[in-house]
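Since the structure comes first, as structure tokens, the remarks are kept for the end.
Since every read-out is calculated from the coordinates, none of them should be taken as a lab result. All values reported here derive from a predicted model rather than from experimental measurement. Positions of Cβ are backbone-derived with ideal geometry, glycine not excepted, and every protein chain shown enters the neighbour counts.
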Amino acid sequence: MKLNSKAFTVVELIASFALTMVITILLFQIVLQVKNIYQKETVQTAINERTSVIAKNIRKVIPADRSKSITSCGGTSCNIDGTIIKQISNTKIQIGNQKFNMPKTVTIKSFNFSNLICTPDSSNCYIKFEMTLSSDNLEDDYKYNVVFSY
């Protein structure tokens with residue numbers, strides 16, 4: 001009696017399923033890593049865009065020619081000729097009448113203006129703005145520092 005030898009054996013089927021599972025698990029790990037990188041980069045890009053807009057608006061308020069007076073600037077707020085810059089919640093900053101929201105999942109951990117520092121001859125004055133942001137999608141806190149001169 002002659003047996004038909006064209007079929008797969010149980011051992012061959014188990015080996016092919018095991019190999020398929022190993023390849024599937026490896027591909028799944030790669031997809032998860034790419035997803036995490038995408039989320040991190042998306043949040044960092046959104047933070048960079050938002051902080052750029054905030055810095056641009058602060059720069060518009062700070063005079064380049066000393067035509068406006070900075071009455072108080074230090075700590076969590078800055079008053080430039082009646083325009084107040086401050087943090088109003090853990091996700092919002094206010095510059096005058098404008099409110100700027102942080103991107104989704106991003107919170108403000110710290111918000112600080114250094115005191116107004118001027119050179120001895122008062123020809124140049126500086127204000128340092130610091131902000132620390134955190135997000136579940138970022139491994140470390142995002143520190144944003146900018147120095148404005150006038």
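Residues that are touching a residue at least 40 places away in the same chain (Cβ under 8 Å) and either over 18 Å from the mean Cα position of the chain (by Cα) or assigned to a loop (DSSP other than H, G, I, E, B) (or both) within the stretch 94-103 comprise ILE95, GLN98, MET102, PRO103, listed in sequence order. I need the full set of residues from the stretch 130-150 which are farther than 19 Å from GLU41 by Cβ, in contact with a Phe, Trp or Tyr (Cβ under 6 Å, 6 or more places away or on another chain) and in contact (Cβ under 8 Å) with a residue 40 or more places away in the chain, in order please. Scanning the stretch 130-150 gives MET131, VAL146. Set side by side, the residues SER114, SER77, SER89, SER110 differ, and just one is within 16 Å of MET131 (Cα to Cα), exposed (fewer than 13 other Cβ atoms within 10 Å of the Cβ) and of a type in the set (Gly, Ala, Ser), which is SER89.
Looking across the stretch 115-129 at every residue that is aliphatic (A, V, I, L, M) and touching a residue at least 24 places away in the same chain (Cβ under 8 Å), the one that is farthest from THR71 (Cα to Cα) is identified as ILE127.
For the stretch 42-57, does any single residue satisfy the condition of being out of contact with any Leu (no Cβ under 6 Å at 6 or more places or on another chain), aliphatic (A, V, I, L, M) and without any contact (Cβ under 8 Å) to a residue 12 or more places away in the chain? Looking through the stretch 42-57, none of the residues is out of contact with any Leu (no Cβ under 6 Å at 6 or more places or on another chain), aliphatic (A, V, I, L, M) and without any contact (Cβ under 8 Å) to a residue 12 or more places away in the chain.
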